[in-house]
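The values are calculated or read from the model by the stated rules, or taken from the named source; none is laboratory data. Fair warning: this is a prediction, and the values are worked out from it, not measured in the lab. Glycine gets a Cβ as well: all are built from the backbone with ideal geometry, and neighbour counts include every protein chain shown. What goes into the accessible areas is simple: the full protein's heavy atoms, side chains included, and nothing from ligands, DNA or RNA. Shrake-Rupley method; radii C 1.70, N 1.55, O 1.52, S 1.80 Å.
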Amino acid sequence: MILYPAIDLKDGKAVRLLRGEMDKATVFNDNPAAQATEFVAAGCEWLHLVDLNGAFAGAPVNAAAVEAILAACPVPAQLGGGIRDMATIEAWLSKGLARVILGTVAVENPDLVRQAARAFPGQVAVGIDARNGKVATKGWAEETNVDATDLARSFEDAGVAAIIYTDINRDGAMQGPNVEATAALARAVSIPVIASGGVSSIADLIALRDCGAALNGAISGRALYDGAIDLKEALTVLRG
């Protein structure tokens with residue numbers, strides 16, 4: 001199981017939000033590329049990037065910070081937030097991004113996800129962000145009646161590389177991930193699932209690793225910045 005350190009970008013800085021609320025942002029590093037370099041030096045194999053402003057704007061906003069990270073770091077990176085058309089997908093992948101994450105458009109324009117997954121095999125992931133099992137879009141600002149598991153199943157034949165499942169109520173709250181819901185989703189589809197939201201201890205990572213479902217990875221942000229998870233120790237545990 002891969003551990004993805006998260007770098008959430010707001011106004012060019014690395015921040016963490018509490019349950020997705022932009023007015024509850026804590027700045028952890030004014031230099032996201034330096035933060036990414038620290039994660040790579042500790043041994044991470046991937047980076048998880050989110051353009052928070054872009055998620056609300058519907059178009060890339062923190063492009064300069066993302067490009068600086070890509071230039072500084074040799075490991076692959078995935079990016080979500082504001083990626084809602086083929087031109088943006090093509091632009092990011094041409095700049096060296098390993099994988100784009102499509103969230104809002106997975107609900108509003110699923111055909112785009114299918115088209116992109118065919119055009120860029122292995123480089124398109126679907127981000128499913130849910131409150132109480134129902135998907136939220138546009139930076140989590142808009143609620144839908146779409147069931148998270150139903151949405152995941154709808155992409156079974158699309159060729160997407162992964163599903164990134166975030167329990168919004170747990171995100172940034174340091175209360176542990178929703179292991180039960182994440183495992184249920186992973187068992188419901190054959191697509192690799194990456195857990196996100198609330199991963200705040202080594203014990204959380206072990207619980208996800210041993211949940212009985214084939215999870216591809218887990219994303220952690222605040223716990224790495226706060227020191228609740230030691231990245232080197234976590235990587236050793238997950239590789240062991």
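General observations
- Enumeration of residues in the range 219-240 that are surrounded by 14 or more Cβ atoms within 10 Å (Cβ to Cβ) and among the small types (Gly, Ala, Ser): Ser220, Gly221, Ala223, Ala228, Ala234
- Tabulated pairs, the range 42-70, first in contact (Cβ under 8 Å) with a residue 12 or more places away in the chain and open to solvent by 20 Å² or more (accessible area, probe 1.4 Å), second in a helix (DSSP H, G or I) and among the β-branched types (Val, Ile, Thr), C-beta under 9 angstrom, 6+ apart or interchain: Gly43/Thr236; Gly58/Thr104; Ala59/Thr88; Pro60/Val66; Pro60/Thr88
- Residue selected from the range 157-189 under the condition closer than 20 Å to Arg84 by Cα and out of contact with any Leu (no Cβ under 9 Å at 6 or more places or on another chain), by the criterion surrounded by the fewest Cβ atoms within 10 Å (Cβ to Cβ): Gly159
- Residue check for Ala141: open to solvent by 20 Å² or more (accessible area, probe 1.4 Å) and modelled with pLDDT under 95: yes
- Leading residue by the ranking (least open to solvent (accessible area, probe 1.4 Å)) among those in the range 25-41 that are touching a residue at least 12 places away in the same chain (Cβ under 8 Å) and out of contact with any helix residue (DSSP H, G or I) (no Cβ under 9 Å at 6 or more places or on another chain): Val27
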